[in-house]
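The values are calculated or read from the model by the stated rules, or taken from the named source; none is laboratory data. Just so you know, these numbers come straight off a predicted model, no measurement behind them. Here Cβ is always computed from backbone atoms with ideal geometry, including for glycine, and neighbour counts include all displayed protein chains. With ligands, DNA and RNA removed, areas are computed over all heavy atoms of the protein, side chains included. Shrake-Rupley method; radii C 1.70, N 1.55, O 1.52, S 1.80 Å.
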Amino acid sequence: MNQIIIFRTIADMRKQVGIWKSKNLSVGLVPTMGGLHEGHIALVEFAKKKCDRVITTIFVNPTQFGADEDLAIYPRSEESDCQVIAGAGGAAVFIPSILEMYPEGFLTTVCVSGLTDKLCGASRPGHFDGVTQVVTKLLNQANADVAFFGEKDWQQLTIIRRLAVDLNIPTSIKGVPTVRDVFGLALSSRNGYLDFKQIEKARLLSSVLSKAAYDIASGSDASFECAKVVKTLLGYGFDRIDYIECRNAHSLELIERADIAECRIFAAVYLGNIRLIDNYSIL
Ligand code: AMP
């Protein structure tokens, strides 16, 4: 296994990136909040195929959690995360403290209007402002050639693509396909909160959603199919449905028929108080 470098400060990371770049080595960035699973590892492996050196960041960003959300209990496993990253070919890990990221006097926010007020943004007010704030900082801090984000969080990926273009950030943004378990469940740090019975139910989400995506692609009305998905999932014992919606994959505007632009079906659902999200392309 390769030796991994751990940066705790922005200065140390920048110094090393400067050294790599002076040797013409390309640098990839994989931002995470830790608690790594196969989905994160796929990002590191994907990045390693595209870039000479890969930095994974581990920072549980407090500004993207609402007051009633799971910040305090969010999984933290720094040591094993570093081992897993080394095993996946990562060169370095950036693990800043909260003060390193938000020193006293910090005041700046980054707001991507329009894309952030729908889907997860509607039910998690302020969440994406926290995401855009921390991701803008990480992109500026690392000065990587490419940054990699999962398609599982499609809205997040879309927002980050927009902010990188709008703010002239010279790092290109690359999406990586969702990693699922053998039953189709999208891997997530939050799956660890589910008990066995809930996991079995959670696994039904992907098949219901992908079937609806297929039917919409075949000409069925999006709103009809979305309403059907809601009914089916409630029938399977999901406790609450936040949204099931079909939207344009880039503008995130609602669509009724899938015959014009690239679109996706998006889901956010609850099992107990655990919120799960997923999305599928409508082809
Ligand atoms: P998180 O640690 O949950 O903030 O996620 C860090 C990165 O990993 C984000 O870009 C996520 O979209 C990505 N990610 C999380 N789960 C998966 C998955 N199952 N497949 C692919 N990427 C994922």
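Scan region 175-197 residue by residue and report those that are farther than 30 Å from residue 146 by Cβ and open to solvent by 40 Å² or more (accessible area, probe 1.4 Å).
Result: 183, 193, 195, 196, 197.
Just checking, how many residues over region 137-154 are assigned to a helix (DSSP H, G or I) and either surrounded by fewer than 23 Cβ atoms within 10 Å (Cβ to Cβ) or over 12 Å from the mean Cα position of the chain (by Cα) (or both)?
Residues flagged as assigned to a helix (DSSP H, G or I) and either surrounded by fewer than 23 Cβ atoms within 10 Å (Cβ to Cβ) or over 12 Å from the mean Cα position of the chain (by Cα) (or both) within region 137-154 amount to 9.
Tell me yes or no: at least one residue of region 210-232 is more than 23 Å from residue 116 (Cα to Cα) and either assigned by TED's automatic domain parsing to the domain that holds residue 37 or within 16 Å of the ligand (Cβ to nearest atom) (or both).
Yes, because at least one residue in region 210-232 is more than 23 Å from residue 116 (Cα to Cα) and either assigned by TED's automatic domain parsing to the domain that holds residue 37 or within 16 Å of the ligand (Cβ to nearest atom) (or both).
Can you pull out every residue in region 220-243 that is in a loop (DSSP other than H, G, I, E, B) and open to solvent by 40 Å² or more (accessible area, probe 1.4 Å)?
221, 236, 239
Matching residues to (1) of a type outside the set (Gly, Ala, Ser); (2) without any contact (Cβ under 8 Å) to a residue 40 or more places away in the chain; (3) outside any strand (DSSP E or B):
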{"residue": "41", "(1), (2), (3)": "yes, no, yes"}
{"residue": "56", "(1), (2), (3)": "yes, yes, no"}
{"residue": "71", "(1), (2), (3)": "yes, yes, yes"}
{"residue": "83", "(1), (2), (3)": "yes, no, yes"}
{"residue": "86", "(1), (2), (3)": "no, no, yes"}
{"residue": "104", "(1), (2), (3)": "yes, yes, yes"}
{"residue": "112", "(1), (2), (3)": "yes, no, yes"}
{"residue": "118", "(1), (2), (3)": "yes, no, yes"}
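Which condition breaks for residue 25 when tested against (1) more than 16 Å from the ligand (Cβ to nearest atom); (2) over 30 Å from residue 249 (Cβ atoms); (3) surrounded by 14 or more Cβ atoms within 10 Å (Cβ to Cβ); (4) in contact (Cβ under 8 Å) with a residue 60 or more places away in the chain?
(4)
If residue 246 meets every condition in (1) surrounded by fewer than 20 Cβ atoms within 10 Å (Cβ to Cβ); (2) at pLDDT 95 or above apart from one, which number is that one?
It fails just one condition, (1).
From the list 16, 3, which one is more than 25 Å from residue 157 (Cβ to Cβ), assigned to a loop (DSSP other than H, G, I, E, B) and not basic (Lys, Arg)?
3
Can you pull out every residue in region 61-114 that is hydrophobic (A, V, I, L, M, F, W, C) and open to solvent by less than 20 Å² (accessible area, probe 1.4 Å)?
Across region 61-114, the qualifying residues are 82, 85, 86, 88, 91, 92, 93, 94, 95, 101, 112.
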